[in-house]
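Below: one structure, written as structure tokens.
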Amino acid sequence: MGGGGGAHDPFDIFQSFFGGSPFGGGSSRGRRQRRGEDVIHPLKVSLEDLYNGTSKKLSLSRNVICTKCKGKGSKSGASMKCSGCQGSGMKVSIRHLGPSMIQQMQHPCNECKGTGETINDKDRCPQCKGEKVIQEKKVLEVIVEKGMQNGQKITFPGEADEAPDTVTGDIVFVLQQKEHPKFKRKGDDLFVEHTLSLTEALCGFQFVITHLDGRQLLIKSQPGEVVKPDQFKAINDEGMPMYQRPFMRGKLYIHFTVDFPESLSPDQCKMLETVLPPRTSVQLTDMELDECEETTLHDVNIEEEMRRKQQAAQEAYDEDDDMQGGAQRVQCAQQ
């Protein structure tokens, strides 16, 4: 990336004919600086951190330009062109792949570590030992704002490793939300699961949810309200704060499941029939019942049943395919 433009560059054409700079001052253009790489750090945060906002202080090590030699690497400020790469910083190696076939590969010069220059041992800077940079520890305070999302980036411009003739890159923290045992997040909304007993679903319920900021939310049904299995209910403005609009919040959705009793006694059934809506099934006479074949219901795990049937069908298909292939081979042999 370093180095000036080619002869077709209008800037260079101007310099070759007239000298100096078209912008005045007579100074020649300096070499373009390459940009250093960004440093990416994952930052684990809880759902509470993203709901309430937080700050985390992190200690990091990075390379900074040596203050003693000002990034020259030598006491005198002088350096020599690397003899191994002739100052290019790169070497080309050739591999013979076969007759009349070769492969050229370019790689950084190991003698100068890609810098294109070497420093005399006696002239090396005593502080950085000729490396031009030294290590420095720095504490960064990462502000996690309310409503930030999983995967969102927090950037510290120009805080990555420094190097001579290089624009310093950024340090980037990528938020990684840890799984929460109770709440699930989707955008600005929160979801929570709650199981009701059959009595609660039919006759009313009341329970408390501890929110992500420690508040106690009282959740209760309306008088006479019946909650069905797999039903959702929502509470407005109790979801996640919206990023950079923290006083606006999404919804808190409660997903209800109903825990039915395993069985009921005959007396319990009679008592329930007195208060529940009447049966909707058709009542059959004794004569009609005599004409019917009685069956037995079994409990099943439907997912396991379907998986087993699919596996058996696949095995039968494979076996049939093998038999057809064998028959064809026998027929060919007879011919």
With θ set to phi - 60°, apply the Karplus curve 6.51 cos²θ - 1.76 cosθ + 1.60 along the stretch 256-271 and write out the HN-Hα couplings as whole Hz, x wherever there is a Gly or Pro. 9, 10, 10, 8, 7, x, 5, 7, 10, 6, x, 5, 5, 4, 5, 5
For ALA160, list long-range residues whose amide hydrogen, built 1.01 Å from N in the peptide plane, is under 5 Å from its own amide hydrogen. GLY169, ASP170, ILE171
How large is the direction-averaged shadow of the alpha-carbon convex hull of the stretch 183-259, in nm²? 5.1 nm²
Placed amide H near VAL258: partners under 5 Å, 5+ positions off or other chain: LEU196, ASP230
What ³J(HN,Hα) values, in whole Hz, does the Karplus curve 6.51 cos²θ - 1.76 cosθ + 1.60 give for the stretch 277-282 when θ = phi - 60°, with x put for Gly and Pro? x, x, 4, 9, 6, 6
With the 8 Å Cα cutoff and a minimum separation of six or more residues, the chain has a relative contact order in percent of 16 percent
Portion, in percent, of the accessible area of the chain that falls on carbon or sulfur, probe 1.4 Å: 51 percent
Phi to ³J(HN,Hα) by Karplus 6.51 cos²θ - 1.76 cosθ + 1.60 over the stretch 128-140, Hz, x for Gly, Pro: 9, 6, x, 7, 6, 10, 10, 8, 9, 9, 9, 9, 10
Euclidean distance between Cα centres, the stretch 86-135 to the stretch 243-265, Å: 63 Å
For GLN152, list long-range residues whose amide hydrogen, built 1.01 Å from N in the peptide plane, is under 5 Å from its own amide hydrogen. LEU175
Return the subset of LYS182/LYS228; LYS57/LYS251; LYS228/LYS270; LYS56/LYS113 for which the Cα-Cα distance in this structure is over 25 Å, preserving the input order. LYS57/LYS251; LYS56/LYS113
Rg/Rh of the chain (Cα atoms, Kirkwood Rh), to two decimals, equals 1.25
Once you have the Cα-Cα distance between ILE219 and ASP259, take 0.36 nm times their residue separation minus that, and quote the gain in nm to one decimal. 12.6 nm
Anyone know which of THR257, THR296, THR155 comes out most mobile in the 10 Å Cα GNM of the chain? THR296
How high is the relative contact order of the stretch 183-259, in percent, counting Cα pairs under 8 Å that sit 6 or more residues apart? 40 percent
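The values are calculated or read from the model by the stated rules, or taken from the named source; none is laboratory data. What you are looking at is a predicted structure, and each value in this text was computed from that prediction instead of being measured. Quick note on the areas: whole protein, heavy atoms, side chains included, nothing else; ligands and nucleic acids left out. Shrake-Rupley method; radii C 1.70, N 1.55, O 1.52, S 1.80 Å.
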